[in-house]
1. Pick out, from the range 24-107, the strands (runs of 3 or more DSSP E) lying fully within it that include 2 or more residues that are surrounded by 17 or more Cβ atoms within 10 Å (Cβ to Cβ).
2. Based on this model, can you work out whether Arg45 counts as more than 28 Å from His159 (Cβ to Cβ), more than 13 Å from the chain's Cα centre (by Cα) and modelled with pLDDT under 95?
3. Run down Asn56, Asn52 and say which single residue is on the phi < 0 side of the Ramachandran plot and at pLDDT below 95.
4. Being in a loop (DSSP other than H, G, I, E, B), small (Gly, Ala, Ser) and on the phi < 0 side of the Ramachandran plot is the filter here; which residues of the range 1-23 pass it?
5. What do you reckon, is Ala183 over 19 Å from Val74 (Cα atoms), buried (at least 22 other Cβ atoms within 10 Å of the Cβ) and of a type in the set (Gly, Ala, Ser)?
6. Name every residue in the range 191-220 that is touching a His at 6+ places or on another chain (Cβ under 8 Å) and of a type in the set (A, V, I, L, M), in order of residue number.
7. Are there any pairs with C-beta distances below 6 angstrom linking a residue in the range 6-34 that is of a type in the set (D, E, K, R) to a residue that is not in a loop (DSSP other than H, G, I, E, B), with the two at least 6 apart or on different chains, and if so which?
8. Considering each of Ala161, Ala114, Ala154, Ala173 in turn, give the residue that is of a type in the set (Gly, Ala, Ser), farther than 24 Å from Thr28 by Cα and either in contact with a strand residue (DSSP E or B) (Cβ under 6 Å, 6 or more places away or on another chain) or touching a residue at least 60 places away in the same chain (Cβ under 8 Å) (or both).
Amino acid sequence: MTLLCASADEAVSGIADGSTVLVGGFGTAGMPFDLIDALIRQGARDLTVVSNNAGNADTGLAALLAAGQVRKVVCSFPRQTDSWVFDELYRSGKIELEVVPQGTLAERMRAAGAGIGGFYTRTGVGTLLSEGKEIRKINGDAYVLELPIVGDVALISAHTADTLGNLVYRKTARNFAPVMATAAATTVVQVRHVVEPGALDPEAVVTPGIYVDRIVRVPS
């Protein structure tokens, strides 16, 4: 059953120290800002955060990093023009980094949700990203074995949910949210609108409510 929470603070309650947290967003598009702010207030530490990038400016994921609550970041794009929070932490040895190619990152989470134990890809073969990983020749080409990324919690944003947890996204704000919702033990979603069952066009539902544990309506 999907729980309709009264606040973002209620939605993130119980996230434990040391959790692996999947955070949706492509830059700021689809970033669950309210849930991240609530997680900062909640205070869970020693987190491993999986996201497309390592935060922008001083808000959202960057604010979580600045609060000292993150031990490791797993992402595709750790650096951009406004990633100064991550840059400073990484250069001073205060945070760990695992770089994963973007398609591989999405597929590793999709594999977790689909119950797939691993997959082979040519992406990263012959680079530092494949060091220490199994390499196999398939039809004469080298492939690297990648393992699923399983989250303890996913924090994602959607446009509209019904009270059963079915989700509809808005354009590019959809990005990583659907695969993250399937890959986490607990999926927490902030939405702009909550409607009654039957109000959503079933053809427009991207994430079925079976994957959603908590939703909270936020005005922003």
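The values are calculated or read from the model by the stated rules, or taken from the named source; none is laboratory data. As the structure is a prediction and not an experimental result, all values here were calculated from the model. Backbone-built Cβ (ideal geometry, glycine too); neighbour counts: all protein chains shown.
1. Correct list: 47-50, 70-75.
2. Taking the combined requirement at face value, the residue does not satisfy it.
3. Numbers: Asn52 fails: at pLDDT below 95.
Within the list Asn56, Asn52, the selection yields Asn56.
4. Of everything in the range 1-23, those that are in a loop (DSSP other than H, G, I, E, B), small (Gly, Ala, Ser) and on the phi < 0 side of the Ramachandran plot turn out to be Ala6, Ser7, Ser13, Ala16, Ser19.
5. Numbers: over 19 Å from Val74 (Cα atoms): no; buried (at least 22 other Cβ atoms within 10 Å of the Cβ): yes; of a type in the set (Gly, Ala, Ser): yes.
The answer is no for Ala183.
6. Of the range 191-220, the ones touching a His at 6+ places or on another chain (Cβ under 8 Å) are 191-193, 217.
Scanning the range 191-220 gives a single hit, Val191.
7. From the range 6-34, the pairs are Asp9/Ala38; Asp34/Ala8; Asp34/Gln190.
8. On the way: Ala161 fails: farther than 24 Å from Thr28 by Cα; Ala154 fails: farther than 24 Å from Thr28 by Cα; Ala173 fails: farther than 24 Å from Thr28 by Cα.
Unique residue meeting the criteria: Ala114.
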